[in-house]
1. Is there any pair linking a residue in region B:46-58 that is closer than 19 Å to B:V29 by Cβ to one that is open to solvent by 60 Å² or more (accessible area, probe 1.4 Å), with Cβ under 6 Å and at least six apart or on different chains, and which?
2. Would you be able to tell me the number of residues in region B:69-111 that are within 22 Å of A:F47 (Cβ to Cβ), part of a loop (DSSP other than H, G, I, E, B) and modelled with pLDDT of 95 or more?
3. Given A:G28, A:G56, A:G42, A:G16, which one is crowded, with 16+ Cβ neighbours inside 10 Å and either touching an Asp or Glu at 6+ places or on another chain (Cβ under 8 Å) or farther than 19 Å from B:Q42 by Cα (or both)?
4. Considering (1) touching a Lys or Arg at 6+ places or on another chain (Cβ under 7 Å); (2) within 14 Å of chain B (Cβ to nearest Cβ); (3) among the acidic types (D, E), say which one A:E75 fails and leave the rest.
5. Scan region A:61-78 and tell me whether some residue there is modelled with pLDDT under 95, open to solvent by less than 70 Å² (accessible area, probe 1.4 Å) and not hydroxyl-bearing (S, T, Y).
Amino acid sequence: DAGVTQSPTHLIKTRGQQVTLRCSPISGHKSVSWYQQVLGQGPQFIFQYYEKEERGRGNFPDRFSARQFPNYSSELNVNALLLGDSALYLCASSSRQGATTDTQYFGPGTRLTVL
Amino acid sequence: AQSVTQLGSHVSVSEGALVLLRCNYSSSVPPYLFWYVQYPNQGLQLLLKYTTGATLVKGINGFEAEFKKSETSFHLTKPSAHMSDAAEYFCAVSGDAGMRFGAGTRLTVKP
């Protein structure tokens, strides 16, 4: 079975632009979470979606938004890009709503560079 | 709110030596704790997790971790390091809003 997939692998944008990152969860998984990993740091939670509804949100500005589709894939959108948005964006899927006991499986990430 | 602290941003061991990566947690409720490994330019791979029950948890690639409530610790160990163990290791705790990760420990294995 395929794992979590993300696209694109790498992305270069300039300040002020908008970007959309995509994620497909493991088949059968209904929950998708997004994380930002700045170089040299641990991942920071951005969003969790379950059954197309937002179930959790981290401490990120409103420039960050996401959605989940009926097939459980997800998109992360970032508007008005700042240099500080440069990071590895990780998507994780799990079969149930919460991460309390359920394991999150991570994709390879999308490396975003903002110039 | 739950959090984890990883002690030591860099750990270097010789091949065949014991690996010990330290993680302490803070949680007002019984925590669910995880260790993930990240190889260069890759995502995170789950090594092991603790939810309830046995406090000694065995994971993949010969790693194990022991949950010690009295010490609020969840240290990761491996009896004998292999060159392929060189990577970044993250301790994490499940929170009310996503998982909270430590800053990571980079493990270097010397031949």
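1. Between residues of region B:46-58 that are closer than 19 Å to B:V29 by Cβ and residues that are open to solvent by 60 Å² or more (accessible area, probe 1.4 Å), the close pairs are B:T55/B:E66.
2. 3
3. Values: A:G28 fails: crowded, with 16+ Cβ neighbours inside 10 Å; A:G42 fails: either touching an Asp or Glu at 6+ places or on another chain (Cβ under 8 Å) or farther than 19 Å from B:Q42 by Cα (or both); A:G16 fails: crowded, with 16+ Cβ neighbours inside 10 Å.
Residue meeting the stated conditions: A:G56.
4. Of (1) touching a Lys or Arg at 6+ places or on another chain (Cβ under 7 Å); (2) within 14 Å of chain B (Cβ to nearest Cβ); (3) among the acidic types (D, E), only one is false for A:E75: (2).
5. No, the conditions are met nowhere in region A:61-78.
The values are calculated or read from the model by the stated rules, or taken from the named source; none is laboratory data. Computed from a predicted structure; not experimentally measured. Positions of Cβ are generated from backbone atoms using ideal geometry, with glycine treated the same way; all protein chains shown enter the neighbour counts. Surface areas here come from the heavy atoms of the whole protein model, side chains and all, with no ligands, DNA or RNA. Shrake-Rupley method; radii C 1.70, N 1.55, O 1.52, S 1.80 Å.
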